[in-house]
Each structure stands twice: as structure tokens, then as C-alpha cells.
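Scroll down for the structure; my scribbles are underneath it.
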Amino acid sequence: MQYFELICTAYLKEDIAFQNSFDAISKYVSFSMAQTPRLQKLHNQERRFKYYTFGSFFPVEKEKIYKKGTLYKFTLRSLDENFIDTLAQALTQNTNNPHFLVVETQKRKIKEFFVSELYSVTPVVVSSERGLFWTLDRDGDIVKLQRLLHDNLEKKYNDFYGEKLQPLQNFIQLLEIKNQKPQKIWTKKGDKEFFFLGNKFKIIPNEDEVSQKLAFMALGAGLGEKNSFGGGFCVAKGMK
């Protein structure tokens with residue numbers, strides 16, 4: 001297994017509040033994909049996994065406002081090298097975006113390594129019953145949360161690699177919720193603004209082969225749902 005990473009350097013054309021940064025990056029990526037026939041097909045398949053994940057701008061500003069005229073970076077990952085190569089070119093050609101401009105991309109290949117700890121940098125969104133998002137106050141069933149996270153990653157793996165895993169246990173050995181209240185990922189559709197609710201996690205994966213594959217999958221394709229909106233971007237500690 002391996003994933004591919006783009007470190008994108010962005011020049012801001014206007015101030016962008018942290019709350020709006022996920023939506024700004026998500027729409028920039030979506031528009032760039034729509035300009036390339038192969039990526040447009042993937043973009044239009046709303047019910048299929050997109051197999052990419054991204055984080056917000058860094059470095060983080062204390063005032064939570066990313067400043068006009070400043071260079072920031074954001075990281076985008078995918079399991080698909082062809083996707084990354086095509087997108088890298090499309091991102092720098094998206095010159096008419098009113099919010100920012102990607103001026104440079106740097107590609108890295110990350111081979112599978114042993115994941116000892118997994119941390120979600122952006123909120124992890126998980127759908128529960130009746131179309132609601134899982135939260136500790138609303139649901140509180142940690143075992144169900146672990147099952148939903150595991151099942152989502154297993155489906156991504158099966159779909160992308162075309163083979164079914166045979167897990168002996170949930171990939172999560174220990175899960176810690178890092179936030180006191182649910183976190184929001186804001187987005188817009190037309191004039192309507194809405195948000196997805198998620199949580200920040202520290203996860204210690206199990207050490208067996210299948211668990212490690214799923215932990216690595218979370219790094220390359222995102223943990224949980226709404227990854228193309230900025231949900232579930234993760235970093236890890238481990239042995240490479």
C-alpha cells in the first residue's frame with residue numbers, strides 16, 4: 001500500500017476566516033477537478049468514495065483569520081497517483097478563483113508503515129441513525145462509533161483495491177475523543193450555509209495486518225465521511 005501527497009502553496013487574494021477555509025479549499029479542488037474530463041467524472045459521482053482527503057491552511061493564525069497577500073500551505077492526499085498527478089496540474093491552472101491561487105505543488109509518495117497512533121487533524125464525521133451525525137451527547141455508544149469507523153474504512157479498501165479484507169477484530173484498540181463538544185465543518189451550497197458535525201480522535205490501532213492496512217487507509221483517504229469537504233484528515237506516529 002501507498003498514498004500520494006501534495007503540499008500545495010496558496011497565495012490568498014482575500015482574508016479567509018478559519019471557519020470558511022474548508023469550504024474555500026473544497027470548492028477550489030472541486031472546480032479544478034471539473035476542468036479535467038477524467039477528474040470531472042469522479043467529481044460527479046456523488047455516491048462513490050472520492051479517495052482524497054485534505055487539511056486546512058497552515059501555519060494557523062492566532063486570530064483564526066488567514067490573511068490576504070500571504071502564502072499558506074495545505075496538504076492533499078490520495079491513494080491514486082494518476083489522480084494526484086492530474087490534479088497537481090489542474091490546481092495551478094485554476095487562476096480565476098476569487099479566494100486564493102495555488103502557485104506551487106510538491107508531490108511525495110508515502111509507503112505503508114506501522115501506525116502506532118492516529119490523530120484526526122480535522123473533525124471526523126460519522127452518520128448515525130436517522131441521518132444524524134454521531135456525537136457523544138446524542139448517541140454515546142463508543143462501540144458503535146468504532147464499528148462505523150471500521151466499516152467505512154473497510155468499504156473504502158474493498159472498493160479501491162477490488163479485494164475484500166478478512167478482519168478478525170475492529171482495527172481500533174483504543175479511541176479517545178479529544179474535544180469537549182462536537183466540531184463543525186462549514187460549507188455552502190448556493191446562498192445556503194450549513195455544517196457537518198464531527199469529533200477529533202486519538203486512535204491506537206491494533207497491530208495485526210488488517211488493522212494496520214485500515215489505519216494506513218485513514219491517512220491516504222480520510223477517516224469517516226465527508227472527506228472531500230475536509231473531514232477526517234489524519235496524521236500518525238509510527239515506524240517507517
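Miscellaneous remarks
- Pairs meeting the criteria (first residue in segment 118-140 and among the charged types (D, E, K, R), second residue at pLDDT below 95, beta carbons under 7 Å, at least 6 apart or on different chains) are Arg138/Leu132; Asp139/Ser128.
- Number of residues in segment 6-18 that are surrounded by 18 or more Cβ atoms within 10 Å (Cβ to Cβ) and either within 21 Å of the chain's Cα centre (by Cα) or in the same structural domain as Cys234 (by TED's automatic domain parsing) (or both): the value is 4.
- Qualifying positions in segment 176-230 - acidic (Asp, Glu) and crowded, with 17+ Cβ neighbours inside 10 Å: Glu225
- Residues (surrounded by 12 or more Cβ atoms within 10 Å (Cβ to Cβ) and of a type outside the set (D, E, K, R)) located in segment 95-105: Asn97, His99, Phe100, Leu101, Val102, Val103, Thr105
- Any hit, segment 201-218, residues being assigned to a loop (DSSP other than H, G, I, E, B), at pLDDT below 95 and over 19 Å from Leu132 (Cα atoms): no
- Test result for Glu163, part of a helix (DSSP H, G or I) and either in contact (Cβ under 8 Å) with a residue 60 or more places away in the chain or in the same structural domain as Met217 (by TED's automatic domain parsing) (or both): no
- Residues that are within 17 Å of Ala34 (Cα to Cα) and part of a loop (DSSP other than H, G, I, E, B) within segment 45-55 comprise Gln45, Glu46, Arg47, Arg48, Phe49, Lys50, Tyr51, listed in sequence order.
- The set of residues in segment 70-80 being surrounded by fewer than 20 Cβ atoms within 10 Å (Cβ to Cβ) and at pLDDT 95 or above consists of Thr70, Leu71, Lys73, Thr75.
- Residue that is modelled with the highest pLDDT [pool: residues in segment 39-69 that are exposed (fewer than 12 other Cβ atoms within 10 Å of the Cβ) and among the basic types (Lys, Arg)]: Lys64
- Subset of segment 140-150 [assigned to a helix (DSSP H, G or I) and surrounded by 12 or more Cβ atoms within 10 Å (Cβ to Cβ)]: Ile142, Lys144, Leu145, Gln146, Arg147, Leu148, Leu149, His150
The values are calculated or read from the model by the stated rules, or taken from the named source; none is laboratory data. Every value quoted in this text rests on a predicted model; they were computed, and no experiment measured them. For neighbour counting, all protein chains shown are included, and Cβ atoms are generated from backbone atoms with ideal geometry for every residue, glycine included.
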